[in-house]
Structure formats: C-alpha cells, structure tokens
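S.K.: Have a look at the structure that comes next, please.
Each reported figure results from applying straightforward, stated rules to the coordinates on display, with no laboratory input. The structure presented is a predicted model; accordingly, all values stated were derived computationally and were not measured. All Cβ positions, even for glycine, are placed from backbone atoms using ideal geometry, and neighbour counts span all protein chains on display.
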Amino acid sequence: MRFTKDHEWVEVDGDIATVGITAYAAEQLGDVVFVETPAVGKIVKAGEGLAVVESVKAASDVYAPISGEVVAANDGLSDAPETVNASAETDGWFARVKIADAAELDALMDRAAYEQYLGTL
C-alpha cells in the first residue's frame, strides 16, 4: 500500500490501483454521510479530483494519487457511506484505476513513511 500527503491510499494489483482515503483522513472527517464516486471510463491525472466525500464536518475532494482510467467505482458507498469510517483502507475504497504510468507510484510513501509524516501534523 502507498500513500499521499493528502491522505489517499493506493493498493496495486497488476496494472490496477485501488484508491481510497486513509483511516486517519476518515477519522479527521468524522461521520461520512455522502460519497460521490467517479464514473467508469473517466480519465484522471495524478493530483486531480477523483471523488468527493462529505461528512458532518466538511466536504472534501479525494485526489487521484496516480494517472489512469477509472475501471470500477465502489457504488455501494452511495447507500452505505459509513463504510468509509468503518473500513477506510479496505471495503471503503472509492475507485479502481488502470495505471497509465507506474513510475508515478515511486512518488508515493510506503506505510512507514506515511506514519512518520503523520507525526509531523
């Protein structure tokens, strides 16, 4: 699993990356009440908006950690947005993206580096 400074995570399986927000981000948001996942077929670039998550505290964009084409969206989040709070780094994923440039993954942090980064916040 890899992480961004914006608290997104990426789990890679072959040329497909599953993307979500970290448990830390879900905790900071509070109770998630709405999730807007991207449309399948959407082309995203690293750093661009991928999804939207709304909580009782705020609405936040979820940024694409890598570039590629959305090949699946977790549509179950529209009926059960609380899944993001309960299982942020597993069942609460937002989208699966076919990776356009695997080299972009090198810019992301591993878990140890992400945990160290959290210590600076």
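S.K.: Filter the stretch 68-83 down to the residues that are part of a helix (DSSP H, G or I) and within 14 Å of the chain's Cα centre (by Cα) and list them by number. Give the steps one after another, and end with the answer.
M.R.: Pass one, the stretch 68-83, residues part of a helix (DSSP H, G or I): 76-79, 83.
Within the stretch 68-83, L77, T83 qualify.
S.K.: Give the stretch 25-41 a look and list any residue that's more than 25 Å from G68 (Cα to Cα) and not aliphatic (A, V, I, L, M), or say none.
M.R.: Just the residues of the stretch 25-41 that are more than 25 Å from G68 (Cα to Cα), to begin with: 27-33.
Listed by number, the residues that qualify are E27, Q28, G30, D31.
S.K.: Scan the stretch 84-106 residue by residue and report those that are under 16 Å from the mean Cα position of the chain (by Cα), assigned to a helix (DSSP H, G or I) and touching a residue at least 40 places away in the same chain (Cβ under 8 Å).
M.R.: Narrowing the stretch 84-106 to residues under 16 Å from the mean Cα position of the chain (by Cα): 84-99, 104-105.
Among the residues that remain, those that are also assigned to a helix (DSSP H, G or I) are: 84-86, 104-105.
Of everything in the stretch 84-106, those that are under 16 Å from the mean Cα position of the chain (by Cα), assigned to a helix (DSSP H, G or I) and touching a residue at least 40 places away in the same chain (Cβ under 8 Å) turn out to be V84, N85, E104, L105.
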